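Some notes on the structure that comes next.
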Amino acid sequence: MTERIGTGADSGFSLMELLVAVAVLAIAAVTLLESQTQAIGITGQVQERTLASIVAENRLNETIARAEEPHAGSRTGREEQFGTGFLWRETVRILPQNEIAVIEVSVVAEEAPKQELASLTGYRRVPVK
């Protein structure tokens, strides 16, 4: 007598078991793809904020390092970093009682000027005349 191997009811996966396994794998794959998409979007936002911070630091350092003393008021301008345009606003307030200039710099993206991406505040001594 020859006995056949693997011909009984318990000899493998049923079609229903395979369909359930494929469905579970498909759900896991979709979840992973969503996570990757979100990560890519967040990376872009972080890059934009980092570049805006560089613009703010540049503006603040230029104002502090200038030979002439800063004057009270506001100035605006545009700067580009790695192909991305940014708009900056520099506001200087003089505190005469302390002989200090307060320099505030804020930076927004050129495409979305309502959302501030970076802001810095610095101080510089200015003699009162």
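What follows draws every value from the coordinates through simple rules; no lab data is involved. Everything numeric here is computed off the predicted structure, so don't read it as measured data. Cβ sites come from the backbone with ideal geometry, for glycine too, and all protein chains shown count toward neighbours.
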Read through the labelled values (1) 1.23; (2) 1.10; (3) 2.19 and report the label of the one computed as Cα Rg over 2.2 N^0.38 Å from the structure.
-> (3)
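Can you tell me what the convex hull of the Cα atoms of segment 38-79 projects to on average, as an area in nm²?
3.7
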The local net charge around A118, scoring Lys/Arg +1 and Asp/Glu -1 for residues other than A118 whose Cβ lies under 13 Å from its Cβ, equals -3
Taking Cα atoms, the helix 15-65 axis meets the longest principal axis of the chain at an angle in degrees (rounded to 10) of 10
